[in-house]
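The numbers here are math on the coordinates, done by the rules we state, and not lab data. Not measured: the values here are computed from a predicted model. When we count neighbours, we look across all protein chains shown, and the Cβ atoms used for this are built from the backbone with ideal geometry, even at glycine.
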Amino acid sequence: MSMVQSVDSVALLPAYLAAGTAVLVLLVDLVLARRAATVGAAATGALATIVAAVAVGAGEERRTFCVGADCSYVFGGRAALVAALVALLALGVLALSGPLLRDGTTPVGEFCFLLACSMTGGVVLGAAGDLITLIVAVEALTLPLYVLVGLRRGSLASAEAAVTFFVVSVVATTLTLLGAALLYAVTGSLHLERLGTILADRSELLDLPLTTVAVTLVLGGLAFKVAAVPFHAWAPATYDGAPLPVAAYLSTASKLGGVVALLAVVQHALPNDVAGPVLALVAALTMTVGNLVALRQRRTVRLLAWSSVAQAGYILAPLGALALADPDARSGAYAAALAYAVFFVLLELAAFAGVVALRPAGADGGHLDDLRGAARRHPWVGAGLAFALIGLAGLPPGLAGLFAKVTVVRSLLGGDAGWLALLVAVNAVIGLAYYLRFAALLYAPTGDAPAVAGRPARVVAAALAVATLIAVVVGFAPQLVLDLAGS
């Protein structure tokens, strides 16, 4: 007996607009061939995607591509939050790319098209209801970044970073696909909620070695995308070799996509008593290794890259309590992990915006000493960068970062994972050393350090101000983010 598959175009509206943005950018670049028009089309599409995500997500949860009770696309509050945030990050990165696109080394049409394609993958990812949709969305988010990383003409470092990123991502995708295939062999289903139900009802499946291998492969493949230890080594070299705006997108939207994918499979599909202890160990190693190595960094982007590895550990930490937590505590753990990711990507975008604004157009992040005394020459931009660093460290007045760490610790204590909460606190103290050292360097006497070349572009300074403002506002509305993350 055949079953009719339902299609809800309203639920798909944000994805339609994101994909339409990519097509519109190609047409505008082909017909008008003007940088301002191409960038304007990409920015308009990103804004439209944000509005559509908020409007559709404000109502009841919408499901589409359903066969019976199993749906491949579920657009609710969490999906709306992810879609709007990814589009916002794409818009912010587009603003940061102004100096890069003006210097002529990066083709404008290709850059905006690839960014819009990646945004489309992120919009779909938050609503993925089965493993195939999830993996395709992750790849749609990631594939354009291979080219974006190496798109700068005449840069050997950019080409090397692109090759490194490509090779590692292909391996990660292969592992995830193999794990998904093995899960299908064990359960006969690919829908996330159905997978979780089957594994919960048929406990004998958990004793099969094939199930353990499948779960391990899926978690390992997605851990590559998050740059979690021991799958992290690609991130610092790739971030440092990529153009600064692309590195900002990698550190925010790409990491957010990996976190969302990991949350989806852990919450709906994988058994908590298997995934929880693995994620607890991964989180502990990730935050510790990231912080300790960040202490030794002297290049700006590498410091931010290693700190983002540590931040990934904080994001994954609440999931380490899943095996011990009751259902209510598990729901709080998922919400805490996603809420932390939201706060992190906003503050990380603000930090990269500050570095872009204080460096010459088209330059890489340089060394920390290149930014010595930068806040004395550019007070407002320097203050914004310092605020973002303080927020990432989890200190007031960076309320978003402070709330994020408190939320993680509270979820761990509620899940009877006190040892992991203690480790989070210890690592937060370690992180203070390099974040505060970086912030203090901005106000240090210049001495014989190289002067910052050029004035920050207005659009870059504006992007920094907007990202910082959003981080502050979100810090004053933590419960709203938690509610959306948990819905």
Note the angle between two axes, namely the Cα long axis of helix 458-476 and the longest principal axis of the Cα atoms of the chain, as a number of degrees from 0 to 90, rounded to the nearest 10. 50 degrees
How big is the Cα convex hull of region 357-447 in projection, averaged over all directions, in nm²? 6.8 nm²
Most exposed first, judged by fewest Cβ atoms within 10 angstrom, 119, 287 run 287, 119
Among 6-15, 86-95, the order from most to least packed when residues are scored by Cβ within 10 Å on average: 86-95, 6-15
Sorted by mean Cβ packing within 10 Å, highest first, what order do the peptides 220-233, 244-257, 288-301 take? 244-257, 220-233, 288-301
Provide the convex hull volume over Cα atoms per residue for the chain, in Å³. 130 Å³
Rh (Kirkwood; distinct C-alpha pairs) - region 168-280, Å: 14.7 Å
Helix 13-31 sits off the longest principal axis of the Cα atoms of the chain, rounded to the nearest 10 on a 0 to 90 degree scale, by 40 degrees
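Which whole-number percent gives the relative contact order of the chain, counting Cα pairs below 8 Å spaced six or more residues apart?
14 percent
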How big is the gap, in Å, between the Cα center of region 167-207 and the Cα center of region 225-291? 19 Å
Exposure proxy order (Cβ contacts within 10 Å, fewest to most) of 282, 274, 171: 171, 274, 282
Relative to the longest principal axis of the C-alpha atoms of the chain, give the angle of the C-alpha long axis of helix 255-268, reported between 0 and 90° and rounded to the nearest 10°. 10 degrees
